[in-house]
Amino acid sequence: MTEEFSDIGLIGLAVMGQNLALNIADHDFRISVYNRTTSKMEAFVAENPDTPGGIVGAETLELFVQSIAAPRKIIILVQAGKPTDAVIEGLIPLLDEGDIVIDGGNALWTDTIRREKELRAQGLRFVGSGVSGGEEGARFGPSLMPGGAIEAWKEIEPIWHAVAAKVDAATGKQLEGATPGNPVEGGVSCAAYIGPNGAGHYVKMIHNGIEYGDMQMICEVYHLMHGLLGMEAGEIGQIFAKWNEGLLDSFLIEITADILQQTDSATGAPFVDIVLDAAGQKGTGKWTSINALDMGICAPTIAEAVFARCLSAIKEERVAASQLLAGPSAEFSGNKEEFIEVLHDALYCSKICSYAQGFQLMREAQKEYKWTLDFGQIAQIWRGGCIIRAAFLQKITEAYAHNSSLANLLLDPYFNEAVRKAQANWRQAVSAAVNHGIPTPTLSSSLAYYDGYRNARLPQNLLQGQRDYFGAHSYERTDSPRGEFFHLDWPHPERPQTAV
Ligand code: 6PG
């Protein structure tokens, strides 16, 4: 740290930007901040006069750039897409060779690949760093997924490790208790170099795809508890709180318990009962699903989670359809306590499938983009700070430590055994949902994924016959090597002529 110059700069003082700046300053790094609306910058600097590292406000981009020590490290935290490009364009003429621009937003990884290439051609360095953990994470320890040139990572590494969330080395549990000015000490940081160019933002996108899956399957279990078992929100919240002490221990289960036990102050009703059932989305789950389709990788749980949000969003159409379309009644006649256990296992097995799909996507993407991703380490940096942080991720790290070229998480002995033990309950949950007309797209599609993956012979032999019949698309034979294609000269019957 120097007297005159800042260690790093940050552009974009929305909540995430403010919190990350405070986190950096808490770790004794001096940070310059710039915001397009100067009054916002001034207010932020005035409100935070005594941070350990110091926060320096700049009124113009020129002064901002001049205030940072070389090689400059500049974090951009503005809206993904065009706003990010606009900020980069404004910065480029002001920078010197070797300076590092870091995009901390939820950028599309192909944009990051493009930007990294463009900046490299101009002698600049570009890091696309996934930042997960929402506002709280940014303030007291996010999970950080940087991608770009390794030399650029080396420059930012000390700051990234300092500000990232920390987990206990032995248990993988997140170290809590940070307060303003007092960050947690020790532990293993949840930041790791992911790979070149867009690798960091790609991995962050997969994180979000998994986040979509986790959230939706929790919602489906809530739907079954409420719609089938007739449980009220508070009681369901207590079940989630209990589950948070076991195999499902995770941030999303923990906050679900809190949300379900929250009361609406205006009505006294459970908070969730007054929230409209129409979900929003910003696109990262959609990008994950589009990428799965583009690469031909099966990731139905994540895609179903996106579609479930789409279906929820057409609220008025569903209300109208509910008056017209028939379905079975949702009357439950079993043992409630036992069925809650059934749901626990269905959630756990579906979660394993969803993560298996996410890791399969990363495995394929690394081939496509010539990255070498360390899957065990990715699971490790997701142990703390991020939205999908969960005890379960420790098992994923261990799975890749046993076998770094594991084809699918389901094949790891621990997960194989976990699903073997719990699958009868998983099937029972999905059957009950189907029989009672409660939609469980992620629980059901995860099960279909599992059954599809474990079947040595699927019915696509018939599908290939169909393709060959109507389009001469050819087929492979079971008694010939893969890659050898055949076509049958089908005896098409004469079709009756359509009268004109
Ligand atoms: C995180 C989150 C964060 C945000 C997502 C989800 O890791 O901190 O994933 O990035 O919550 O963008 O947003 P949507 O649900 O609106 O798509």
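The values are calculated or read from the model by the stated rules, or taken from the named source; none is laboratory data. What you are looking at is a predicted structure, and each value in this text was computed from that prediction instead of being measured. With ideal geometry, Cβ positions are generated from the backbone for all residues, glycine too; neighbour counts draw on all protein chains shown. These accessible areas exclude ligands, DNA and RNA; they are computed on the full protein's heavy atoms, side chains included. Shrake-Rupley method; radii C 1.70, N 1.55, O 1.52, S 1.80 Å.
Hey, any idea what % of region 358-457's accessible area is carbon plus sulfur with a 1.4 Å probe?
Here carbon and sulfur together make up 50 percent of the probe-accessible area.
Full extension from Asn335 to Asp489: what is 0.36 nm times the residue separation minus their Cα-Cα distance, to one decimal in nm?
Computed gain between Asn335 and Asp489 is 49.7 nm.
Obtain the radius of gyration and the Kirkwood radius of region 100-167 from its C-alpha atoms and give Rg over Rh.
Value, to two decimals: 1.00.
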Under the 7 Å Cα-to-Cβ spin-label approximation, Ala46 and Asp85 lie apart by a distance in nanometres of 3.7 nm
Local net charge near Val127, Cβ-Cβ under 15 Å (Lys/Arg +1, Asp/Glu -1)
+1
What does the C-alpha gyration tensor say about the overall shape of region 269-409? Classify as rounded when a/c is under 1.5, otherwise prolate if a/b is larger than b/c, or oblate.
prolate
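Test of understanding: what is the full-extension gain from Glu151 to Ala121, defined as 0.36 nm times their sequence separation minus their Cα-Cα distance? Provide the component values of the computation, followed by the final result.
Details: separation 30, 0.36 × 30 = 10.80 nm, distance 1.57 nm.
That pair, Glu151 and Ala121, stretches by 9.2 nm at full extension.
Find the accessible area per residue for region 202-454; the probe is 1.4 Å, ligands and nucleic acids are left out, and the unit is Å². Each step should come with its number before you reach the end.
Numbers: 11260 Å² over 253 residues.
Normalised by residue count, the accessible surface of region 202-454 is 45 Å².
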Estimate the FRET efficiency between Val434 and Cys310 by the formula 1/(1 + (r/R0)^6), using the beta-carbon distance for r and 30 Å for R0, to the nearest 0.05.
0.90
So, with +1 on the Cβ of K and R and -1 on the Cβ of D and E, and no other charges, what is the size of the charge dipole of region 363-459 about its Cα centre, to the nearest 20 debye?
100 debye
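Which value, in debye to the nearest 20, describes the size of the charge dipole of region 202-454 about its Cα centre when Lys and Arg Cβ atoms bear +1, Asp and Glu Cβ atoms bear -1, and nothing else is charged? Write down the numbers at each step before the final one.
Values: 19 positive and 28 negative charges, 166 e Å.
Here region 202-454 has a charge dipole of around 800 debye.
Given the C-alpha atoms of the chain, compute the convex hull and give its volume per residue in Å³. Write out the running numbers ahead of the final one.
Values: hull volume 112.0 nm³, N = 500.
With only Cα atoms used, the chain gives 224 Å³ per residue.
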Non-local residues with an amide H under 5 Å from the amide H of Leu10, with H modelled 1.01 Å from N and Pro and chain starts lacking one, are Ser32, Val33, Tyr34, Ile75
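For region 133-245, what number results from the quotient of the Cα radius of gyration and 2.2 N^0.38 Å? Before the final figure, lay out the partial values.
Working: Rg = 18.2 Å, N = 113, 2.2 N^0.38 = 13.3 Å.
The reported ratio for this selection is 1.37.
What part of the accessible area of region 89-237, given as a whole %, is carbon or sulfur when the probe is 1.4 angstrom?
Working: 2700 of 5120 Å².
Carbon and sulfur: 53 percent of the exposed surface of region 89-237.
Which FRET efficiency, nearest 0.05, do Tyr469 and Leu293 yield, Cβ-Cβ r, R0 22 Å? Show your work: numbers first, answer last.
Numbers: r = 26 Å, r/R0 = 1.16.
That gives a FRET efficiency of 0.30.
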Sticking with the crude label model, points 7 Å out along Cα→Cβ, report the distance from Tyr414 to Glu62 in nm, one decimal please.
5.7 nm
Anchor Lys336: aspartates and glutamates whose Cα lies under 15 Å away (excluding residues fewer than 8 positions away in-chain)
Glu232, Glu235, Asp345
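What does the C-alpha gyration tensor say about the overall shape of region 312-365? Classify as rounded when a/c is under 1.5, otherwise prolate if a/b is larger than b/c, or oblate. Walk me through the numbers on the way to the answer.
Details: a/c = 4.18, a/b = 1.30, b/c = 3.20.
It is oblate, given that a/c is not under 1.5 and a/b is not larger than b/c.
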Value of [θ]222 nm, deg cm²/dmol, for the chain, DSSP H segments ≥ 4, -39500 (n - 2.57) each, nearest 500
-16000 deg cm²/dmol
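Between Phe5 and Ala169, what is the FRET efficiency for a Förster distance of 25 Å, r being their Cβ-Cβ separation, to the nearest 0.05? List each step's numbers first, then the result.
On the way: r = 34 Å, r/R0 = 1.38.
For Phe5 and Ala169, the calculated efficiency is 0.15.
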Checking rank on 5-18, 220-233, with mean other Cβ inside 10 Å and highest first, the result is 5-18, 220-233
Please give every one of the lysines within straight-line cross-link reach of Lys154, meaning a C-alpha to C-alpha distance under 30 Å, and leave out same-chain neighbours fewer than 8 residues apart.
Lys73, Lys82, Lys117, Lys166, Lys173, Lys204, Lys367, Lys370, Lys395
Give me the distance between the Cα centres of region 62-99 and region 300-329, rounded to whole Å.
44 Å
With the 8 Å Cα cutoff and a minimum separation of six or more residues, region 252-375 has a relative contact order in percent of 22 percent
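Over region 54-185, with the other protein chains present, what is the accessible area per residue in square angstrom, probe 1.4 angstrom? It would help to have the intermediate numbers written out before the result.
Numbers: 5450 Å² over 132 residues.
Solvent-accessible surface per residue comes out at 41 Å².
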